Amino acid sequence: MSEINKIPIFVRDFSFNVKTKKGYKTILDHINLSIPSGSLVAIIGASGAGKTTLLNSIAGRVLGKSEGSILFGNEPHSNRINKILSYVTQQDTMHTNLTPRQILRFVSDLRLPKTIKKQEKNQIVENILKSLQIEHCADTIVGSPESGIKRGISGGEMKRVNIGMGLVTNPSVILVDEPTSGLDAQTAYLCTSILKDLTKDGRTIISTIHQPRQSIFELFDYLVLLSHGKLVYFGPINEIENYFAKMNFFPPRNTNLADWLIDLVSLSEGELKKEETINKLSKELSVYQKDEIQLDIIHDKNEIDLNEIDLNEVDKDKEDDLEIQDIPDDFEEIDLDKITNPNFIQNNSNGIIKGEVGTLEFIKSLVKYYNNSNLMKKTLSMKIPKQKMDLHLERPVNLFKKTLILTKRGFYGLRNQKRYIIQRLLQPAVLACFVGWIFSGIPSNQSGLMDRLGILFFILLSQILLSIMAVLFVLPKEKAVFLRESMDSAYPTVCFFISKVLTDLPFGILVPTIFAVIITPITGLQTNPKQLLILILFCILSANAGSGFGLMISAATRTPEIALTMAPVMVVPMIIFCGFMIDLNNITKTLSWIQYIDPVKYSFFVLVKNEFTGLKFTCTQSELVQGVCPITTGEQFLKFKGFYNVNYWENALFMIAFILLSWGLSVYFLSKARKREAGR
């Protein structure tokens with residue numbers, strides 16, 4: 001297993017902008033950080049401060065216009081860096097039909113080098129389970145009410161499994177988004193304590209965190225305090241109170257320091273309602289940044305100057321960090337009896353910090369003060385190492401092996417969902433019995449002609465719709481896991497998709513076969529082996545065409561709701577142009593081309609010819625036309641309706657081509673979603 005590389009992180013003059021209708025909006029503005037290795041760093045700020053954007057920028061997962069640099073040691077983010085970096089998302093995205101031990105073992109099989117033996121991988125997993133204190137639930141299915149699986153483990157345990165997925169590769173840098181979100185106080189403290197323990201080996205861990213309790217806040221080594229994309233404070237946690245005391249700000253007794261800081265740097269409700277002031281904030285703060293900061297290290301967009309870097313010159317005197325130039329002698333003489341604000345003591349500041357708490361002027365003053373502080377100077381004086389890091393990277397397993405691992409994981413998930421398997425297989429059986437009951441005993445007279453045509457249409461339609469709906473409800477959950485794992489470069493899109501197709505293939509064969517075998521004898525359709533096999537074959541092709549179509553829709557849309565909305569819009573035209581509901585010769589030329597790309601039509605035509613070939617029909621007395629029975633053979637009916645000149649195998653090849661095309665488009669759309677998620 002790879003060693004932990006002690007990697008400091010340097011953020012230099014980093015700005016990030018996103019394009020809006022009115023131009024570019026600044027999300028992060030001239031951020032400067034120097035994070036030592038082995039540190040646990042908290043990023044806090046009010047909503048919209050830029051916390052997650054900063055974390056995603058460090059991870060290389062943003063789309064937008066950026067300036068400045070983010071370096072791991074002396075390297076920018078790359079695929080090489082991505083292999084020693086782990087990102088733990090806020091949402092606990094994982095296969096909920098697996099146990100924690102199964103989840104971690106499959107992650108180890110996918111991501112660990114091929115040189116590591118199976119026994120060693122299992123031991124790594126056991127060590128993670130022990131360190132995260134989830135051994136007691138390691139063999140309990142995670143579960144998810146949304147997926148119809150009873151919840152097996154708690155939210156805190158699920159969060160630790162999420163963290164464990166990121167620990168399998170023994171990463172040197174871990175980025176965590178809101179690790180305490182939705183957890184009770186005790187569980188939140190436990191999760192943060194685990195993160196703290198992980199830094200003892202030299203890992204660098206950066207976490208956004210929302211309203212941590214004081215005991216959790218004190219576990220962190222450094223704090224990044226943001227306000228509307230600007231850096232208000234970066235430094236040690238234990239120096240925060242001394243730093244703000246020099247501005248004559250003191251948190252009240254028994255107050256949560258993190259909450260107090262967030263309140264201090266937040267705009268008041270009245271200020272937030274003024275849209276023009278929000279826009280003005282970004283512009284005016286940029287002026288302060290340019291006027292007040294003289295960077296000691298200059299980074300060009302494509303070049304880093306490392307010639308004058310000396311890591312030994314870092315100022316280690318914490319007392320000097322608190323010395324601010326031009327502070328009046330009487331600045332620290334504070335009369336606590338003259339507090340005008342119960343939350344913020346701001347007396348006798350002598351103009352160092354201007355404006356009232358919650359105003360733009362106040363926030364600008366805080367930013368200006370920090371930009372001139374020794375903390376900022378110390379951050380910029382921390383030199384970037386010249387020597388390139390030896391990351392001890394080893395080659396992972398090959399793509400074929402990854403595809404097999406993903407397929408195996410899919411079947412393990414199905415094995416853990418016995419109720420789901422039973423439901424999927426009972427569904428066609430029950431539906432076939434019910435529909436067969438309705439259409440049972442189709443007569444061989446003239447009225448039975450259309451009844452027979454109707455049952456064939458329903459057989460085909462049911463297979464397509466059942467397959468589409470099954471995919472639309474299942475794929476979004478698997479897609480979320482795919483996007484999470486693909487961000488960690490666990491495997492390429494094609495491996496995931498092939499494994500998905502292979503996992504679904506048994507249902508794609510069994511479901512239509514069960515339906516066809518049951519409904520055929522009940523309704524009186526032809527049961528000779530050849531025609532039954534052709535019926536089953538095209539039911540299977542239709543089911544897989546529907547599945548492929550559902551995969552394509554799910555891959556192309558961002559939410560299940562959009563997919564469910566789009567599916568009927570795209571399926572209905574295929575139903576209309578299949579040749580059952582309207583005579584294709586009567587369709588306007590403007591729309592007639594649709595029939596030639598309609599997979600439903602190609603299957604329907606085969607089913608009709610297959611069923612009617614060799615049939616004999618009679619007439620009741622009322623059905624005679626001038627004493628003559630109009631249609632006495634199936635061939636007559638086929639010629640009359642235009643189904644006679646149908647080539648089974650040409651239509652089968654078209655169905656296969658449609659399935660392959662839908663799979664190809666699905667891979668394309670999934671790849672686009674992956675790039676969008678990755679910010680590339």
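Since every read-out is calculated from the coordinates, none of them should be taken as a lab result. Note that this is a predicted model, so its numbers are computed, not measured. As a convention, Cβ positions derive from the backbone with ideal geometry for all residues, glycine included, and neighbour counts pool all protein chains shown.
Less than 5 angstrom separates the built amide H of residue 149 from those of 144, all sequence-distant by 5 or more or on a different chain. Of the residues 649, 509, 605, the one whose Cα sits farthest towards the positive end of the charge dipole of the range 399-678 is 509 (charges of +1 on Lys and Arg Cβ, -1 on Asp and Glu Cβ, taken about the Cα centre). Across all Cα pairs in the chain, the calculated P(r) in 10 Å bins from zero up to the longest distance comes to 3, 13, 19, 18, 15, 12, 9, 6, 4, 2, 0, 0, 0 percent per bin. Under a model in which nothing but the beta-carbon of Lys, Arg (+1) and Asp, Glu (-1) is charged, the chain shows a dipole of about 3800 debye around its Cα centre.
With each label modelled as a point 7 angstrom along the Cα→C-beta vector, the residue 114-residue 354 pair spans 6.5 nm. Using Cβ point charges alone (K and R +1, D and E -1), the dipole size of the range 399-678 about the Cα centre works out to roughly 1080 debye. Sort the range 348-489 into rounded, prolate or oblate with this rule: let a ≥ b ≥ c be the square roots of the eigenvalues of the Cα gyration tensor; rounded if a/c is under 1.5, and if a/c is not under 1.5, prolate when a/b is larger than b/c, oblate otherwise. Prolate, since a/c reaches 1.5 and a/b exceeds b/c. The mean sequence distance of close C-alpha pairs (under 8 Å, at least 6 residues apart), as a share of the length of the chain, puts its relative contact order at 15 percent.
Along the range 410-423 the Karplus relation, 6.51 cos²θ - 1.76 cosθ + 1.60 evaluated at θ = phi - 60°, assigns HN-Hα couplings of x, 6, 4, x, 5, 4, 7, 10, 4, 5, 5, 4, 4, 4 Hz to successive residues, with x for each Gly and Pro. Treating r as the C-beta distance of residue 18 and residue 91 and R0 as 35 Å, the FRET efficiency rounds to 0.95.
Amide H to amide H distances under 5 Å link residue 28 with 16, where only residues 5 or more positions off or on other chains count and H is placed in the peptide plane.
Between amide H atoms placed 1.01 Å from N, distances below 5 Å from residue 233 occur with 225, all of them 5 or more places distant or on a separate chain.
Across the range 399-678, Cα pairs under 8 Å and at least six residues apart give a relative contact order of 26 percent. Taking 7 Å steps out from each Cα toward its Cβ at residue 585 and residue 657 produces label points 2.5 nm apart. From the largest down, the range 147-261 spans 54, 29, 26 angstrom on the principal axes of its Cα atoms.
For the range 478-636, the percent of C-alpha pairs falling in each 10 Å distance bin, counted from 0 to the bin holding the largest distance, reads 9, 25, 30, 21, 10, 4, 2, 0. Fully extending the segment from residue 429 to residue 398 would add 7.1 nm, taking 0.36 nm per residue of separation and subtracting the current Cα-Cα distance. Remark: the residue 444-residue 151 segment gains 100.1 nm on full extension, using 0.36 nm per residue and subtracting the alpha carbon distance. For the chain, the list of Cys residues with no other Cys C-beta under 4.7 Å reads 137, 191, 433, 495, 539, 578. Rg and Dmax of the range 399-678, based on Cα coordinates, read 21.0, 77 Å.
Averaged over residues, the count of other Cβ atoms within 10 Å places the peptides 157-164, 502-509 in the sequence 157-164, 502-509, highest first. Per-residue extension of 0.36 nm, minus the Cα-Cα distance of residue 559 and residue 528, leaves a gain of 6.6 nm for this segment.
Note on residue 242 and residue 361: with the Förster distance fixed at 25 Å, the Cβ-Cβ geometry gives a FRET efficiency of about 0.55.
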